[in-house]
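Beneath this line is the structure, given in structure tokens, with notes to follow.
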Amino acid sequence: TKEVYGNMYSCMISNVDDLSFYARAATQTVTRVFGNGHNTSDSDIYNAWTAIYKGIESANILLERIEGADINESVKTRIKGEAKFLRAYYHFLLVQAWKDVPIRKESFKDVSKSALPATPMAEALDWVIEEMEEALPMVDNKMYDKRPSYVKKTVVEGVLARVALTRAGYPTNGGKPFYEMAARYAKSVKDSNKHGLNPDVYEMWKCMASDRYDTEYNESMWEVEFTGSRIDGTHTDGRIGNVIGNVQRNGSPEGLGYSYWFYSGSLILWDLYDNNDKRRDLSMAPYWINANDQYVNWGANQIVQRACGKFRREWESITPKNKNWTQINYPLIRYADVLLMLAEAENEANQGPTALAYEAVNIVRERAGIEPLSGLSYAGFQQEIRNERGRELCFESLRKYDLVRWGIYTEAIAALGEATYDSRWPAGGNYSTARAFAERTQKKHEFLPIPLGELSINTELTQNPLW
């Protein structure tokens, strides 16, 4: 839905950080979540919260009723595993963004018993891990290997690595056992030999924009599938490519597509890339497309004018196009992320980079066309991994949560504010938001406030302390 990966959770809530800023005048973000100007009554936050809990409710209903279904037992087991995993995953999204949240293990049956207190973050993440581990032997491990729209064993293992890294870091500080867990699950994905990196850094993104699967490399492990244009009678709530994507100005149904390009790359992101890094022009598109579908190159000094280039409507296969709704899929986990999680977890668990850590990160760097890493200290490798995650995974709803679990969110956003005083950063207009966002950012912005609408219904719940 648009409330989750179609726009609100993926973009508005999760895609503004030190590398990606909302490219509009600061006055447009004074009260909005993407400007850290929100309060407890923010409707976008409430709508995302509600939509995620609706997903949990659906999973609970299925798990409670499936035993009575007359279907093949192996199919029933797979479906139960998928539902169990998804219920845990939705809870993880809530914990990641809001911190302490209610864990709902049963469907809604009695209004008098529906109020639940928040479960502390560490306990909630431990439950998520337990649920996902229980789902692991239940989900498919063969039939859907090359279908990124399905939950399968490697997907569960990859997400488990992500959850374990969250549990290892700030603020729950689980440390070494969870870094070891993350490394174990990420290595299992690698050892499966079911995923690889496409040598062409653009190809996976073109596939996601055009309803194709890259079955040769299987780099996109799990993605949200949007389809159609609404004009053709289909109805999915995807705005990927429209709210986040390259600058495109043709809103006609027969054109290359229209994008509001709300998200641009910051100078911090630009400076992470070497000139020969193939990902730079993928992530920060070097051109824009005008209303006549003509390609216009940005000048050498026009850096933060470049919009997010991973989601380009020109790559869509469907015609006619809807101005605002797209067929472009959204990545939830890809193999490059798993390799970087493996490298990070190995370094953290062993307090220094192992041979496996170097192997994993250098697979990603080799595909990007940059030099391999070697001979680094624990701290040096840690910083390189943080930079590499920025280069590889920018604009994918991951960076904010990485900064939080590393315990450097406010520090990183302050650095973004400083970057806006660089002579390469244009003054005013669409480029003033980043500075205002940075100046507003406080420690409380590490996590979202519990929506006021929820607090008025759930009397057992209390507001996040800093809110």
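The values are calculated or read from the model by the stated rules, or taken from the named source; none is laboratory data. Note that the structure is a prediction, hence the values are computed from the model and not measured. Positions of Cβ are backbone-derived with ideal geometry, glycine not excepted, and every protein chain shown enters the neighbour counts. Accessible surface areas use protein heavy atoms only, side chains included; no ligands, DNA or RNA. Shrake-Rupley method; radii C 1.70, N 1.55, O 1.52, S 1.80 Å.
So the check is Cβ under 7 Å with 6+ separation or different chains; which pairs have a first residue in the range 76-101 that's on the phi > 0 side of the Ramachandran plot and in contact (Cβ under 8 Å) with a residue 60 or more places away in the chain and a second one that's surrounded by fewer than 21 Cβ atoms within 10 Å (Cβ to Cβ) and assigned to a helix (DSSP H, G or I)? Going by the 7 Å Cβ cut-off, the qualifying pairs are Lys99/Met121. Inside the range 200-226, can you point out the residues that are buried (at least 20 other Cβ atoms within 10 Å of the Cβ) and more than 23 Å from Val151 (Cβ to Cβ)? Passing the criteria: only Val201.
If I filter the range 86-108 for residues that are charged (D, E, K, R), in contact with a Gly (Cβ under 9 Å, 6 or more places away or on another chain) and part of a loop (DSSP other than H, G, I, E, B), do I get at least one hit? Walk me through it before giving the result.
Filtering the range 86-108 for residues charged (D, E, K, R) gives 87, 99-100, 104-106.
Still in the running and in contact with a Gly (Cβ under 9 Å, 6 or more places away or on another chain): 87.
In the following step, the residues that additionally are part of a loop (DSSP other than H, G, I, E, B) were identified as none.
The answer is no, given that none of the residues of the range 86-108 is charged (D, E, K, R), in contact with a Gly (Cβ under 9 Å, 6 or more places away or on another chain) and part of a loop (DSSP other than H, G, I, E, B).
If the condition is being in contact with a Pro (Cβ under 8 Å, 6 or more places away or on another chain) and of a type in the set (D, E, K, R), then the range 280-322 contributes Arg306, Lys321. Name the single residue that is farthest from Val75 (Cα to Cα) among those in the range 109-136 being free of Cβ contacts under 8 Å to residues at least 12 places away in the same chain and in a helix (DSSP H, G or I). That would be Ser112. Taking the listed residues Glu82, Glu3, Glu57, the one that is out of contact with any strand residue (DSSP E or B) (no Cβ under 7 Å at 6 or more places or on another chain), in a helix (DSSP H, G or I), open to solvent by less than 50 Å² (accessible area, probe 1.4 Å) and within 23 Å of Val101 (Cα to Cα) is Glu82, with no other qualifying.
Taking the conditions (1) touching an Asp or Glu at 6+ places or on another chain (Cβ under 8 Å); (2) surrounded by 14 or more Cβ atoms within 10 Å (Cβ to Cβ) in turn, Glu64 satisfies each one other than (2). For the range 151-192, name all the residues that are without any contact (Cβ under 8 Å) to a residue 40 or more places away in the chain and assigned to a loop (DSSP other than H, G, I, E, B). Once the filter is applied, which keeps residues that are without any contact (Cβ under 8 Å) to a residue 40 or more places away in the chain and assigned to a loop (DSSP other than H, G, I, E, B), the range 151-192 yields Asn173, Gly175. Ile450 meets the conditions (1) touching a Lys or Arg at 6+ places or on another chain (Cβ under 6 Å); (2) among the hydrophobic types (A, V, I, L, M, F, W, C); (3) more than 25 Å from Arg280 (Cα to Cα) in every case but one. The failed one is (1). Under the condition of being free of Cβ contacts under 8 Å to residues at least 40 places away in the same chain, in a helix (DSSP H, G or I) and open to solvent by 10 Å² or more (accessible area, probe 1.4 Å), the residues counted in the range 336-359 number 4.
Do we find a residue being open to solvent by 10 Å² or more (accessible area, probe 1.4 Å), in contact with a helix residue (DSSP H, G or I) (Cβ under 6 Å, 6 or more places away or on another chain) and under 22 Å from Tyr401 (Cβ atoms) anywhere in the range 227-239? So that I can check it myself, show each step before the final result.
Of the residues in the range 227-239, the ones open to solvent by 10 Å² or more (accessible area, probe 1.4 Å) are 227, 230-237, 239.
When the remaining residues are screened for being in contact with a helix residue (DSSP H, G or I) (Cβ under 6 Å, 6 or more places away or on another chain), the result is none.
Checked against the condition, which is being open to solvent by 10 Å² or more (accessible area, probe 1.4 Å), in contact with a helix residue (DSSP H, G or I) (Cβ under 6 Å, 6 or more places away or on another chain) and under 22 Å from Tyr401 (Cβ atoms), the range 227-239 yields no hits at all.
Filter the range 387-406 for residues that are in contact with a Gly (Cβ under 8 Å, 6 or more places away or on another chain), closer than 17 Å to Ala345 by Cβ and basic (Lys, Arg) and give the result. Across the range 387-406, the qualifying residue is only Arg405.
Condition check for Met143 on (1) part of a loop (DSSP other than H, G, I, E, B); (2) of a type outside the set (S, T, N, Q); (3) buried (at least 17 other Cβ atoms within 10 Å of the Cβ): one failure, at (3).
For the criterion of being closer than 22 Å to Asn15 by Cα and either of a type outside the set (S, T, N, Q) or in contact with a Lys or Arg (Cβ under 6 Å, 6 or more places away or on another chain) (or both), Glu392 passes.
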